[in-house]
Amino acid sequence: MRHIERHKTHRIGWLRAAVLGANDGIVSTASLVLGVSAAGASSQSILIAGVAGLVAGAMSMAAGEYVSVSSQADTEHADLDRERKELAADPVHEQQELAAIYVGRGLDEGLASEVATQLMAHDALGAHGRDELGISETLTARPVQAALASAATFSVGAVLPLLVVLLVPVSVLMGAVAGSSLLFLALLGALAGRVGGASVLTAAVRVTFWGALAMALTAGVGALFGVAA
């Protein structure tokens with residue numbers, strides 16, 4: 001019977017970007033709403049500030065993810081190009097180098113040499129990229145995917161506090177936004193933990209704690225410098 005293993009590492013790229021985007025969307029928008037609300041702004045002003053924060057945040061997340069992940073991709077491509085040239089210039093040395101890696105991982109020299117020979121005959125650059133440089137298909141940088149995932153999930157996360165602004169009166173707005181946003185963050189953390197195969201409780205507590213801290217600090221700034229009588 002064939003044994004099928006369902007690992008989670010193939011989700012690392014998009015999951016990281018998605019969790020980061022949604023978390024930032026909830027935290028930054030809720031914090032902005034709380035800060036403006038604590039300063040005594042009207043419901044309309046709070047909503048405008050929140051929408052502006054959503055648009056600016058989504059674009060910032062997309063641009064930031066694209067630039068940072070592109071930098072990672074550029075480094076990976078540069079290393080692979082260098083490795084390609086070294087393979088063409090001195091394949092014997094590169095084979096010995098690969099075999100030494102396998103010896104370091106526990107194979108005896110004869111088996112390590114045989115493995116290196118066969119892998120290089122099949123895909124020399126792929127073998128060196130994976131085992132020497134740590135670059136694999138699963139973990140390789142994907143700038144466009146990261147940018148789109150971050151922008152989309154930021155927008156979804158940011159919409160949640162804005163819905164609360166639309167649905168509740170100003171008199172209870174701060175409590176409603178803070179409470180609902182903490183709930184959203186806990187659910188996000190639990191979902192991320194579940195999808196990533198980690199502890200659901202640990203992930204939920206981690207996300208909620210830092211979100212609560214950010215919202216508390218922003219509300220404090222709004223109250224300190226607010227203009228409300």
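Of all residues in region 35-77, those that are within 23 Å of ALA223 (Cβ to Cβ) and acidic (Asp, Glu) total 0. Does region 175-190 contain any residue that is hydroxyl-bearing (Ser, Thr, Tyr), open to solvent by 60 Å² or more (accessible area, probe 1.4 Å) and part of a helix (DSSP H, G or I)? No, region 175-190 has no match at all. Selection of region 97-113 for residues being loosely packed, with under 14 Cβ neighbours inside 10 Å and in a helix (DSSP H, G or I) yields GLY104, GLU109, GLY110, LEU111. Contact map, region 167-194: first residue closer than 19 Å to SER155 by Cα, second residue among the charged types (D, E, K, R), Cβ cut-off under 9 Å, separation 6 or more or different chains; pairs are GLY189/ARG206.
Here is the figure for region 158-174: residues that are open to solvent by less than 30 Å² (accessible area, probe 1.4 Å) and either farther than 25 Å from SER37 by Cα or modelled with pLDDT of 90 or more (or both) total 5.
You will find that of SER150, SER155, the residue that is crowded, with 16+ Cβ neighbours inside 10 Å, modelled with pLDDT of 85 or more, out of contact with any Ser or Thr (no Cβ under 9 Å at 6 or more places or on another chain) and more than 30 Å from VAL92 (Cα to Cα) is SER155 and no other.
The values are calculated or read from the model by the stated rules, or taken from the named source; none is laboratory data. Given the structure is predicted, the values throughout are model-derived calculations rather than measurements. Every residue, glycine among them, receives a Cβ derived from its backbone with ideal geometry; neighbour counts consider all protein chains shown. Heavy atoms of the whole protein, side chains included, go into the accessibility calculation; ligands, DNA and RNA do not. Shrake-Rupley method; radii C 1.70, N 1.55, O 1.52, S 1.80 Å.
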